[in-house]
Amino acid sequence: MSTPLDPRISEFETQEQADSYDRWFRERVQRSLDDPRPPIPHDDVMAEMRALLESKKRHHAAG
């Protein structure tokens, strides 16, 4: 049976959901840490995202 959690303390309804999310999150973080590719500097990512958003805005305004 599921253990209900207090919504003021947890965004999950049950402890099982919280544990499942914690396992998923930790696996994702570990996968990222184990990734052999070189990191991408934050400023480079932000510049690429700004350019992408501008392109989408121009495309939307023209369409």
Members of segment 33-53 found to be of a type outside the set (A, V, I, L, M) and open to solvent by 80 Å² or more (accessible area, probe 1.4 Å), listed by number: Asp34, Pro36, Arg37, Pro38, Pro39, His42, Asp43, Asp44, Glu48, Arg50
Residue check, Ala61 surrounded by 10 or more Cβ atoms within 10 Å (Cβ to Cβ) and among the small types (Gly, Ala, Ser): no
Filtered residue count, segment 1-21, keeping only those that are open to solvent by 50 Å² or more (accessible area, probe 1.4 Å) and outside any loop (DSSP other than H, G, I, E, B): 7
Close pairs from segment 34-56: first among the acidic types (Asp, Glu), partner open to solvent by 100 Å² or more (accessible area, probe 1.4 Å), Cβ under 9 Å, at least 6 apart: Glu48/Ile40
Members of segment 4-63 that are under 18 Å from the mean Cα position of the chain (by Cα) and among the polar types (S, T, N, Q): Gln17, Ser20, Gln30, Ser32
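The values are calculated or read from the model by the stated rules, or taken from the named source; none is laboratory data. Just so you know, these numbers come straight off a predicted model, no measurement behind them. So basically every Cβ, Gly included, is an ideal-geometry build from the backbone, and we count neighbours across all protein chains shown. SASA here: full protein model, heavy atoms, side chains in, ligands and nucleic acids out. Shrake-Rupley method; radii C 1.70, N 1.55, O 1.52, S 1.80 Å.
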